[in-house]
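The values are calculated or read from the model by the stated rules, or taken from the named source; none is laboratory data. Quantities reported herein were computed from a predicted structural model and do not represent experimental measurements. Methodologically, a virtual Cβ is constructed for each residue, glycine included, from the backbone with ideal geometry; neighbour enumeration extends over all protein chains shown. Keep in mind that these areas ignore ligands, DNA and RNA; they rest on the heavy atoms of the full protein, side chains included. Shrake-Rupley method; radii C 1.70, N 1.55, O 1.52, S 1.80 Å.
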Amino acid sequence: KIFHLGACRVSMSTAEIRAGFTAIKANIQSRDPIRTLSILSHPQSLHKVKSSDRCCVAHHLFTFYVDKVFKHCRTEDSFVNRKISSIANSFLSVRRKLGQCHEQNNCVCGEESTEKFKQILANYEGLNVTSAAMKSLGELDILLDWMEKSQ
Amino acid sequence: GAEAFLPAPQNISILSTNMKHFLTWSPVIVQGATVRYSVEFQGEYEREHANESWIPISECSLTTATVCNLTEDISASVPYRLRVRARLGATSSPWGTLTGFFNRVTTSLTPPVLKVVADGHHLLVELADMGPSFQFRVLYWKKGQASRVKHKVLREVSSVVHLDTMEAGAEYCVRAQAHVEAINRSSSFSPTQCVRARGDTSLW
């Protein structure tokens, strides 16, 4: 599928990522005891992000998951680890495409997107790293839903 | 006595057709004994962000088979490394590693298998399912009017698809190719198949 994120066009197969996530969602979310907090949606939903800021926020988020989240999600369950690997490698592939948009100046970071991403990082760093990583992974469908809105 | 040295599996290769990926290797022969094998994979993420870690494939852990289905695990378009080792009792062989990388974008795509049917005046096509990653581009035209080709993209293969209503007694031709959106590649076209519509003019 082709995603239009402001001036940036990115092809991405969310179906494969979503299938991988759905297979482990219950397992991952059961490891997240703090149900009252959200990493991605607090204080404001991703859906509030302006269209012109979508590329920058997406680029930040995919980098966030690749650099910070997946590596702290290793479990004792081989099946879960394999699905996380599939998702992580898919995210790496998409992040590269978003990076190309960034290099071609099609991914401008306005004040709002920078502020939104700062808030997400603050939410993340407010928890211990494993809890924060598992919670972020458990919220993957929030990110996928938001991305698919840009299709 | 001490168990002998176990050589690493040889002739390790990937067979990848229509987005189904299999690792194969030659058996390690030890007279009178059953040798087992274990397979692991490493994606680009693991190399760059997870200390070059390897991930075991449980379905291919301590297996006696010399083939392993990687399809479920290789679900991103990035370069993967693959390795296999032999096991006999408590002795493990060194790892045998696939030379180079495997990226699913290199899978070989075969033309779809299709069956074209003239049901009275209706031009129907039936396509064999090739898996969830596949769509089909079907071209169809009235014979002799190759310049007026019509086409349909079929995202899901249901049983039979109605392409067109044919003119009485006319011959229509169809061919199709498979397309995989995830790797943005298409197969070559299937051979063309032509059928003739029933002769009389009544449509029912």
Placing +1 at every Lys and Arg Cβ and -1 at every Asp and Glu Cβ, with all other atoms neutral, what dipole size does the range B:78-144 have around its Cα centre, in debye to the nearest 20?
-> 360 debye
Excluding same-chain residues fewer than 8 positions from A:Lys149, which aspartates and glutamates have a Cα within less than 20 Å of its Cα?
-> A:Glu16, A:Asp53, A:Glu112, A:Glu139, A:Asp141, B:Glu181
Low-density loop cleavage sites - trypsin sites (Lys or Arg not before Pro) in the range B:47-154, where at most 13 other Cβ are within 10 Å (DSSP) = B:Lys143
Computed FRET value (nearest 0.05) for A:Glu103 with B:Thr99, which takes r as the C-beta separation and R₀ as 25 Å = 0.15
How much accessible area is lost when chains A and B come together, counting both sides, with a 1.4 Å probe, in Å² rounded to the nearest 100?
-> 1800 Å²
When Cβ neighbours within 10 Å are restricted to other protein chains, what is their mean count per residue of peptide A:86-96?
-> 6
Just the Cα atoms of the range A:2-148, one point each, no solvent: what log10 I(q)/I(0) does Debye give at q = 0.15 Å⁻¹?
-> -0.73
Rounded FRET efficiency, nearest 0.05, which uses the C-beta distance separating A:Glu76 from A:His42 and R0 of 41 Å | 0.90
For the range B:57-204, the dipole about the Cα centre with charges only on Cβ (Lys and Arg +1, Asp and Glu -1), to the nearest 20 debye, works out at 500 debye
Neighbourhood net charge (12 Å Cβ-Cβ; Lys/Arg +1, Asp/Glu -1) for B:Ser38 = +2
Filtered pair list for the range A:1-132 (Lys only, Cα < 22 Å, 8 or more apart or interchain) has a length of 20
Size of electric dipole in chain A: Cβ of Lys, Arg +1 and of Asp, Glu -1, about Cα centre, debye, nearest 20 | 260 debye
Shielding by partners - mean other protein chain Cβ count within 10 Å, residues of B:36-47 = 3
How would A:Lys135, A:Lys68 line up by accessible area, probe 1.4 Å, largest first?
-> A:Lys68, A:Lys135
Roughly to the nearest percent, how much of the accessible area of the protein assembly as shown is carbon and sulfur, given a 1.4 Å probe?
-> 51 percent
Express in Å², to the nearest 10, the accessible area of B:Trp141 obtained by rolling a 1.4 Å probe over the protein heavy atoms while all chains stay in place.
-> 40 Å²
